[in-house]
Structures are given as C-alpha cells and as structure tokens.
Amino acid sequence: MAVLLGVDTGGTYTDAVLLDEATDKVLAKAKALTTRPELALGVGAAIDAAIKGASVDPEDVAMVSLSTTLATNALVEGQGGRVALVFIGFAEGELGRAGLSDALAGDPVIALAGGHSHAGTEVAPLDLAALSAALDALEEGVTGFAIAAQFATRNPAHEIAARDLIRDRTGLPVTCSHELSQALGGPKRALTAVLNARLIGMIDGLIGACEAHLQSIGVAARLMVVRGDGALIPADLARERPIETILSGPAASLAGAAWLTGEDTALVSDIGGTTTDVCLLKDGKPAIDPQGAQVGAYRTMIEAVAMRTSGLGGDSEVHVMEGLQGGLRLGPRRLMPVSLLARDHPRLVHDALNRALAQDVPSSDGGQFAIPLWQGDPPTGLDKREAAVAARLSDGPLRLGHAVTSRVEAPALMRLVKRGLVMVAGVTPSDAAHVLGRVAAWDAEAATKALTLFARRRTGAGERLAPDAVTLAQRIVDQVTAQTTDCLLQAAFAEDPHDFDTAPQILAAHPLTRAGLNQHRGIVDISLRLGLPVIGLGASAATYYPPVGTRLGTDMIVPDHADVANAIGAVVGQVRMQAEGTVTSPGPGRFVAHLSDGPQDYADSTAALSALEVALGAEATARAHAAGVIAPRLSTDRDIKQAEIEGQPMFISATLRVTATGRPRIATG
C-alpha cells in the first residue's frame with residue numbers, strides 16, 4: 001500500500017495527514033503546536049501522531065509533501081533575516097519604487113556601476129573592486145544577499161559575476177533577481193529578490209527539520225514543497241527560492257477544499273493563526289494573479305494564486321480603537337494566546353494576572369508577556385538596548401513590564417519581535433473562544449483572567465471597555481465575524497465580472513453595502529447576499545464561520561477534515577516546472593534570443609523563437625525530472641508583439657513560456 005504524507009506548518013499549528021493513494025481515503029490526521037525556533041519538535045510530533053494513528057509502517061510512506069504559511073506570515077508581520085541589496089546600474093531614485101525602500105527597512109544597499117541595455121549589451125563595466133570594498137565595510141548581522149542588475153533578464157552576466165564573488169567572500173546565501181522572474185521592472189525584481197533572501201533561513205530551517213525527522217523514523221520518500229501556485233517543487237529548490245512558497249499554505253488549502261467538498265465554484269476562506277486567505281475557486285481551479293503575488297504591502301513577481309490575504313487570524317492581537325465607543329480591531333500582528341502561554345508557564349501567567357487584577361488601575365503592559373525564541377546564549381549582533389532586553393529574557397518568558405523597564409526600550413523589543421527572536425503573548429480571539437467555552441485546548445481560567453483585565457481598559461468616554469470577560473469575549477468573536485465578512489466581500493467585489501469602477505475595499509465598507517447586509521426596509525428596500533457558497537477552512541473555522549455565512553446570506557460549508565485541508569491539499573497536487581525567455585529585435589534584420597547563458601543573435605525571428613523554445617523545453621524538462629516526474633508533458637505559450645508598418649507586420653518582441661507538468665514518481669518497495 002502506497003501512503004502519502006501531507007504536512008502543513010502554520011503559525012500556530014503543524015498538521016499531518018496520511019492518505020491511501022489507491023482509495024483517496026484519509027487514514028489518520030494529527031495536530032501539534034508549531035514550535036519556534038525548534039520547528040523539528042512540532043513537525044515531528046504531528047508526523048509521529050499521524051503515523052501512529054494510521055498504524056502504518058514509516059517505510060510505506062511513498063511521498064511527503066509540505067505546505068507552509070511561515071513565509072506568508074513573515075512578510076505580513078515584517079519578519080525575516082537582515083539582507084544586503086546589491087543594486088547594479090540603477091539610479092538612486094529607483095530604490096523608492098515598487099515599495100523597495102520600505103521592504104529594505106534600513107538594511108544596507110550596495111550601489112554599483114554596471115548593468116545592461118534592453119538588448120542585452122553592456123552599458124557600463126561591473127565594478128567588482130567596489131563590491132569587494134563594500135563587503136569589507138558591511139556591519140555584522142547580514143544573513144544573506146539580494147542582487148538586482150539593470151535588464152538582468154536580458155543578460156544576467158553582471159548578477160552572476162557579483163553572486164560568485166559574494167559567495168566566495170562570505171559563504172552566505174545569494175539571490176539573483178533573474179533567477180526568480182524573467183519580467184522587466186528592475187525595482188520590482190529587486191524587491192522580490194530582497195524578500196527571497198530574507199526568507200531563506202526560515203524556510204531552510206523548516207525543510208531541514210522535516211527532513212531530519214523523516215530520516216530519523218525511517219521514511220525514505222522524497223520531500224516535495226507546495227509552491228504559491230499550488231504546484232509541487234523539490235525541497236532543494238524551495239530552499240533556494242523560499243519566496244515561491246509565499247501563499248503555499250493557501251494554495252494547498254484550495255486543492256484541499258476542492259478535494260474535500262467536490263465543489264468546483266465557491267469562495268474559499270482559510271483562517272489560520274495569523275492570516276485569513278480568501279480565493280475564488282472557479283471550475284475547480286483557482287485563478288492565478290497576473291500581477292504577481294501580493295502579501296501584505298508587497299507586490300512581488302512570484303506567480304501564485306490570486307489570493308487576498310489579510311492579517312486576521314485566531315491569534316491576532318486585539319486593539320482598542322480610539323474614540324468614545326472603544327471599538328475593537330484585530331491584527332495584523334500575531335500574539336501567543338495567554339491561554340497557551342499559561343499551559344506551559346502556569347505559575348508565571350497566573351501570578352502576574354492575579355497581581356494585576358488586585359490593582360484598581362490596569363497595568364501599563366495590559367497583562368502581556370514576552371517570550372524568547374532562542375535557545376542558549378542571547379543572539380549576537382544586537383544594539384545596546386536590544387541586548388539589555390534579551391539579557392532579561394535569557395531565563396525564559398517575563399511579563400512585558402519586566403522585560404521592558406523603560407519607554408525607550410519598547411522599540412528595541414519590537415525590533416527583536418520583527419527579527420523573530422521574541423514573541424509577545426496577549427489577548428487573542430483564541431482566548432475569547434476559551435472564555436466562551438467553544439474551545440478547551442488550553443488554559444481557559446488564564447484566558448478569563450486576561451480578558452477580565454483587558455475589559456477594565458477605558459474608552460474615550462472614560463467607561464470600562466466591557467463589564468466582564470464573557471461580554472468582551474463575545475465582542476471579540478463578533479469582530480472576527482465582521483472582519484471575515486469584510487475579507488469575503490472585498491474578494492467577491494474584486495472577482496465579480498461587473499465593473500463597479502470602485503476599489504473593492506471601498507465597496508465592502510460602503511453604507512449601501514452595510515444596509516444591504518442588514519436587509520434594510522424603508523422607502524428604499526436594499527438586499528445584498530453572496531451569490532456563491534463559501535468553503536470555510538482552518539482549525540477554528542467551525543468556531544468562527546457559521547455566523548459569517550448567516551451574515552452574507554449564503555451557504556457556509558465547513559467540511560470534515562477542514563482543520564487539516566492544507567495538509568491534504570499538499571499531497572494531491574502536481575509538479576509544474578516553467579522556463580521563460582524573450583526574443584527581441586533591437587534593429588532591422590537582427591533577432592536576439594535571450595538564453596540563460598546570455599543573448600544570441602539570429603537572422604530571422606523564426607530561428608530565434610525556435611532556438612529559445614528548444615532551450616526552454618530542455619530547461620523545464622530537466623527541472624521536472626529533478627522533481628521526480630518521469631515523463632513530463634510540455635506545453636508552450638507564446639506572446640508575440642507585432643506592429644503594422646505600411647500594411648506589413650513588424651516583429652517587436654516575444655515572450656515564451658514552456659511548462660512541464662506531471663505527478664512526481666511515487667516510490668514503491
């Protein structure tokens with residue numbers, strides 16, 4: 001019997017599912033808390049529990065596939081390693097385009113002379129001496145490099161030369177922009193490369209943890225990873241290109257939604273610990289975002305499902321809005337639920353909350369806690385204030401007011417959080433669900449104390465936020481309903497074929513939309529409902545989603561195994577490897593095929609296109625073979641741009657994409 005193992009690592013839980021390949025039957029499923037920084041603990045616990053539940057021999061596992069939301073969550077929360085951008089042949093002002101400067105967030109930039117023209121000819125020599133000097137001058141703490149050169153998609157020579165020098169000098173991971181996309185738009189390619197370099201350490205740690213545990217228990221099957229478009233790629237490729245795993249978890253959830261429900265047209269909403277992901281499933285397939293995957297504020301050049309991701313999850317931070325009424329807002333930052341921290345550190349949490357509740361004035365830290373995410377000695381490369389905070393946390397979690405002893409240290413703590421070294425615990429929707437008795441996984445008593453303390457905060461009118469923990473808990477859950485409804489409405493307006501001539505987020509918040517949801521009856525009768533069912537996925541979908549369906553006037557489908565849909569989707573996908581290139585015509589009678597090893601001239605467009613297609617086919621096939629596909633199917637898309645001159649067609653340029661698809665080889669015996 002060939003058994004397929006799907007693993008999904010999210011911000012809160014790691015899920016594992018075992019499927020019988022022959023019958024498509026779920027043999028067993030299991031959940032374990034995602035354990036950071038020691039991801040192997042959570043991954044191993046989930047895998048072991050699933051294998052034990054199915055009573056199968058680890059040697060019978062024929063394929064393992066991994067999906068994850070860690071990359072998506074890191075971008076939403078602004079986390080990841082510190083990178084240096086090598087910016088070749090660009091003007092300084094280009095850093096302000098495509099959100100590149102915001103994404104760098106103060107990380108160093110090495111600007112060099114060099115770059116190529118749109119035809120692939122060198123504009124200026126690459127200044128490698130300046131690069132060597134800049135490497136010597138870099139401060140400690142850089143974990144990787146991103147390289148972007150002007151028109152590198154037409155000639156990657158300068159990116160390759162800079163990459164080779166940096167690898168020889170530093171030994172650190174290097175990402176070249178031309179390896180991630182063949183599209184024009186230098187700043188956007190640079191942004192994509194920066195984000196990729198920032199994620200390498202995190203995804204490498206996850207894949208390494210998964211591979212190590214599989215080897216330790218005797219699973220010899222190869223490890224695949226779900227890409228953001230739902231395709232499977234080998235683990236070694238995901239290590240090099242972790243940016244391609246953004247929206248990996250949501251892409252897997254779409255495959256899981258279709259497999260679990262049999263629905264071919266629906267809105268799919270997947271709530272995790274950090275984010276809610278909404279996508280349209282149409283005719284059994286998700287749409288691909290033609291502009292590149294967008295996560296949070298960043299629009300990348302990575303091909304992925306057309307997913308709308310918002311910072312709303314079961315572990316979202318609860319904020320009190322300014323104003324007289326004291327409204328609530330959730331996210332985008334993820335906190336560790338107080339009820340979860342109390343499970344592992346009961347004395348710390350209960351003692352702190354009891355002391356805070358005994359005071360008439362609410363504590364300044366709001367009953368929050370700081371949790372170190374490193375093992376052993378404090379991390380290096382910290383400034384003075386960061387080091388002071390880290391030193392206090394060296395012995396374990398502390399109340400926030402004890403970890404940060406002055407106002408000037410608060411930004412230092414947030415920098416440690418951003419780098420993934422510290423996590424904050426506080427009130428979340430998960431705690432509210434425990435207070436209401438809808439969930440009983442962790443410490444409900446601690447959740448009640450934390451919400452009681454939170455309820456004592458004052459609104460702008462000077463009144464308490466809520467009379468008790470239960471009232472506040474219901475308001476928090478109602479806010480999950482409200483923000484989820486808003487996410488779904490925005491996705492529905494964006495995907496509707498009608499041109500509303502207004503941004504989806506404005507339409508979703510419009511007074512007429514609200515009146516329609518409320519079924520307003522007056523001189524004007526207004527009704528509004530979704531015209532499609534919604535498939536709700538995620539561990540907390542059954543807790544939060546039924547009222548959402550009622551609010552939107554549609555069927556809310558929460559299928560069996562909705563809590564592990566991502567892990568199921570991870571093993572039902574296919575390998576899809578693509579290679580893309582261009583042919584340009586910089587002058588009469590000259591046609592240039594921009595190949596991976598540099599541009600090559602041809603006398604006519606047909607010869608250039610043929611040479612490019614052969615090269616791309618070989619490249620895509622080789623990648624598919626490396627991913628375990630024995631006989632991949634090849635397809636070619638051609639986008640040829642021509643102009644009509646005096647009634648005759650004139651070749652301008654062409655973009656070719658060759659795709660190799662197939663199921664990965666399933667090991668037997």
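Quick look at the values:
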{"quantity": "Hey, ALA508 of a type outside the set (Lys, Arg), under 34 Å from the mean Cα position of the chain (by Cα) and open to solvent by less than 80 Å² (accessible area, probe 1.4 Å) or not", "calculated": "yes"}
{"quantity": "Hits in region 258-277 - residues which are touching a strand residue (DSSP E or B) at 6+ places or on another chain (Cβ under 9 Å) and under 17 Å from GLN574 (Cβ atoms)", "calculated": "ALA258"}
{"quantity": "Filtered residue count, region 106-135, keeping only those that are at positive phi and in contact (Cβ under 8 Å) with a residue 60 or more places away in the chain", "calculated": "1"}
{"quantity": "Residue match in region 417-439 (condition: basic (Lys, Arg), modelled with pLDDT under 95, surrounded by fewer than 22 Cβ atoms within 10 Å (Cβ to Cβ) and in contact with a strand residue (DSSP E or B) (Cβ under 8 Å, 6 or more places away or on another chain))", "calculated": "yes"}
{"quantity": "Hey, LEU267 open to solvent by 10 Å² or more (accessible area, probe 1.4 Å), touching a Ser or Thr at 6+ places or on another chain (Cβ under 9 Å) and within 13 Å of ALA306 (Cα to Cα) or not", "calculated": "no"}
{"quantity": "One residue from VAL427, VAL417, VAL408, VAL435 being under 29 Å from the mean Cα position of the chain (by Cα) and over 24 Å from LEU104 (Cβ atoms)", "calculated": "VAL427"}
{"quantity": "Conditions (1) in contact with an Asp or Glu (Cβ under 8 Å, 6 or more places away or on another chain); (2) modelled with pLDDT under 85; (3) within 30 Å of ALA297 (Cβ to Cβ); number of the one not met by ALA2", "calculated": "(3)"}
{"quantity": "Scan of region 1-36 for residues that are in contact (Cβ under 8 Å) with a residue 24 or more places away in the chain, basic (Lys, Arg) and under 12 Å from HIS561 (Cα atoms), ordered by number", "calculated": "LYS29, LYS31"}
{"quantity": "Positions within region 88-116 being open to solvent by 20 Å² or more (accessible area, probe 1.4 Å), among the hydrophobic types (A, V, I, L, M, F, W, C) and within 22 Å of the chain's Cα centre (by Cα), in sequence order", "calculated": "ALA98, ALA105"}
{"quantity": "Which listed residue, of GLY228, GLY205, is under 26 Å from SER101 (Cα atoms) and either touching a residue at least 12 places away in the same chain (Cβ under 8 Å) or part of a loop (DSSP other than H, G, I, E, B) (or both)", "calculated": "GLY228"}
{"quantity": "Within region 36-87, considering residues that are polar (S, T, N, Q) and open to solvent by 10 Å² or more (accessible area, probe 1.4 Å), the one nearest to ARG167 (Cα to Cα)", "calculated": "GLN79"}
{"quantity": "Residue in region 643-657 that is open to solvent by less than 80 Å² (accessible area, probe 1.4 Å) and within 14 Å of MET577 (Cβ to Cβ) present", "calculated": "yes"}
{"quantity": "Residues located in region 285-305, provided they are open to solvent by 20 Å² or more (accessible area, probe 1.4 Å) and either under 20 Å from GLY367 (Cα atoms) or among the aliphatic types (A, V, I, L, M) (or both)", "calculated": "ALA287, ILE288, ALA297, MET301"}
{"quantity": "In region 377-401, the residues that are open to solvent by 20 Å² or more (accessible area, probe 1.4 Å), assigned to a helix (DSSP H, G or I) and either more than 25 Å from LEU472 (Cβ to Cβ) or charged (D, E, K, R) (or both)", "calculated": "LYS384, ARG385, ALA387, ALA388, ALA391, ARG392, SER394, ASP395"}
{"quantity": "Any hit, region 347-366, residues being under 30 Å from the mean Cα position of the chain (by Cα) and either aromatic (Phe, Trp, Tyr) or open to solvent by 40 Å² or more (accessible area, probe 1.4 Å) (or both)", "calculated": "no"}
{"quantity": "One residue from THR582, THR621 being in a strand (DSSP E or B), open to solvent by less than 40 Å² (accessible area, probe 1.4 Å) and more than 30 Å from ASP57 (Cα to Cα)", "calculated": "THR582"}
{"quantity": "Checklist (1) touching a helix residue (DSSP H, G or I) at 6+ places or on another chain (Cβ under 8 Å); (2) over 30 Å from LEU280 (Cβ atoms); (3) of a type outside the set (Gly, Ala, Ser) applied to THR485, failing item", "calculated": "(2)"}
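Condition check ((1) farther than 29 Å from TRP259 by Cβ; (2) of a type outside the set (A, V, I, L, M)) across all residues:
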{"residue": "PRO547", "(1), (2)": "no, yes"}
{"residue": "ASP563", "(1), (2)": "no, yes"}
{"residue": "GLY569", "(1), (2)": "no, yes"}
{"residue": "VAL583", "(1), (2)": "yes, no"}
{"residue": "PRO586", "(1), (2)": "yes, yes"}
{"residue": "ALA593", "(1), (2)": "yes, no"}
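The values are calculated or read from the model by the stated rules, or taken from the named source; none is laboratory data. Since we're looking at a predicted model, the values are computed, not measured. Counting neighbours? That spans all protein chains shown, and the Cβs are built from the backbone with ideal geometry, glycine included. Please note that ligands, DNA and RNA were not included when accessible areas were found on the heavy atoms of the full protein model with its side chains. Shrake-Rupley method; radii C 1.70, N 1.55, O 1.52, S 1.80 Å.
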